[in-house]
Amino acid sequence: MFKSRSQPIQSSEITDESVWRARRRLFLQAPGALALAAGLPGLAQAVPVGQALSFNPSQRWKLDETPTSEADVTTYNNFYEFGTGKEDPSRQSGQFKTEPWTVQVDGLVHKPLTLDMDQILKLAPLEERIYRLRCVEAWSMVVPWVGYSLSALLKQASPMGSARFVRFETAAEPETMPGLRSRILDWPYVEALRLDEAMHPLTLLATGLYGKSLPVQNGAPVRLIVPWKYGFKSAKSLVRITLTDTMPESSWMKVAPHEYGFYANVNPDVPHPRWSQATERVIGSGFFATKKATLPFNGYAEDVASLYANMDLRRYY
Ligand code: MTE
């Protein structure tokens, strides 16, 4: 059932990581769990915020690191539509409605689509992938996301040969998103990828974290996760996906073009104009803990560096 989040989450409500791991083991051992996890037709439901999801752990993308606690992942957020403070999204998103929800896929596609959440959840088997999300503000988290490769959805729409970019538009509901009263960004929040980046199997269409459907503050009901790029590319609460032949202008490019480029690949050698990107603070490790050295492409170079062969990533930041 949908739970209002106008009040801060109580620590008693938060699933402890060990409980989550035990629950996951139980689920995976349960008879029929694999059939469920395989996402057999008719089993997926349009689940409200915070409901358990059926998924398979990814064999390929599971960082062998302890995930950041669920409490930190869900209370230390950037979601400017709900305010610019890190705790604003968890405190101020209680009125936001995620049901009913549709995502439109249009532009240079042979088969434009409008999908509801039930259709999105049934489109491909859900997987749990443990990815690091590294924010341009030089902090990072390790999160057990649930979802599937965005390519599965894009293929359904059958991209035209002329499509080169994908534009992501997210929800802008002034009644329930108090942050929209500020003109800090030009709403709605827009991000974009090159088509080959969007089709890369690492690019995740996420519907959950920690085994449950996404909380609003993390981008309910469906968001993007592009783990080799700074976190701002990972647009939350998607409503429209448009294939284009020209490079779309993202919200951050519009507001500060000298600071935020189209590519936004994690590159420790290129500082942000106002701070270094060489290291990152790992959320949950304590403010005075030693910072972690940031890796090129956030540690995913082996998977994605070839997408940028012959490109000067200092110029195309
Ligand atoms: N999506 C929307 N719609 N609005 C936002 O303000 N912030 C981005 C990204 N997606 C943002 C967004 C930034 S700056 C980051 S670092 C990540 O979301 C944070 O995701 P998280 O809160 O789930 O860690």
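The values are calculated or read from the model by the stated rules, or taken from the named source; none is laboratory data. The structure displayed is predicted, hence computed values, not measured ones. Using ideal geometry, Cβ is built from the backbone for each residue, glycine included, and neighbour counts are taken over all protein chains shown.
Search the stretch 166-191 for residues that are more than 11 Å from the ligand (Cβ to nearest atom) and pair each with any residue that is in a loop (DSSP other than H, G, I, E, B) when their beta-carbon atoms are under 6 Å apart and the residues are at least 6 apart or on different chains.
ARG167/PRO248; THR176/GLN95; THR176/PHE96
Name the one entry in VAL166, VAL136, VAL142 that is under 26 Å from SER306 (Cα atoms), of a type in the set (A, V, I, L, M, F, W, C) and part of a loop (DSSP other than H, G, I, E, B).
Values: VAL166 fails: part of a loop (DSSP other than H, G, I, E, B); VAL142 fails: part of a loop (DSSP other than H, G, I, E, B).
Among VAL166, VAL136, VAL142, only VAL136 is under 26 Å from SER306 (Cα atoms), of a type in the set (A, V, I, L, M, F, W, C) and part of a loop (DSSP other than H, G, I, E, B).
Taking the residues in the stretch 211-242 that are more than 11 Å from the ligand (Cβ to nearest atom) and more than 25 Å from TYR300 (Cα to Cα) as candidates, determine which candidate is surrounded by the most Cβ atoms within 10 Å (Cβ to Cβ). Step through it out loud before you land on a result.
The initial filter retains those residues of the stretch 211-242 that are more than 11 Å from the ligand (Cβ to nearest atom), namely 211-213, 221-222, 227-228, 240-242.
Cutting the leftovers down to more than 25 Å from TYR300 (Cα to Cα) gives us 212-213, 221, 240, 242.
Values: LYS212: 18, SER213: 24, PRO221: 26, ARG240: 18, THR242: 20.
Step by step, filter the stretch 211-242, then rank; the result is PRO221.
Results for (1) among the acidic types (Asp, Glu); (2) within 16 Å of LEU133 (Cα to Cα), shown as yes or no for each residue.
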site	(1), (2)
PRO174	no, no
ARG183	no, no
ASP186	yes, no
ARG194	no, no
LEU204	no, yes
TYR210	no, yes
SER213	no, no
VAL216	no, no
ALA235	no, yes
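Just for strands (runs of 3 or more DSSP E) wholly inside the stretch 195-276: which have at least 2 residues that are more than 24 Å from HIS110 (Cβ to Cβ)?
Counting at least 2 such residues, we get 204-209, 223-225.
What number of residues within the stretch 202-229 are touching an Asp or Glu at 6+ places or on another chain (Cβ under 8 Å) and without any contact (Cβ under 8 Å) to a residue 60 or more places away in the chain?
The number of residues fulfilling the criteria is 2.
Check the stretch 131-145 and report whether any residue there is away from the ligand (no atom under 14 Å from the Cβ) and modelled with pLDDT of 95 or more.
Looking only at the stretch 131-145, we keep the residues that are away from the ligand (no atom under 14 Å from the Cβ), and these are none.
Checked against the condition, which is being away from the ligand (no atom under 14 Å from the Cβ) and modelled with pLDDT of 95 or more, the stretch 131-145 yields no hits at all.
Of the residues in the stretch 192-206, how many are of a type outside the set (A, V, I, L, M) and within 13 Å of the ligand (Cβ to nearest atom)?
Let us first name the residues in the stretch 192-206 that are of a type outside the set (A, V, I, L, M), namely 194, 196-197, 200-201, 203.
If we keep only those that are within 13 Å of the ligand (Cβ to nearest atom) as well, we get none.
Of the residues in that region, 0 qualify.
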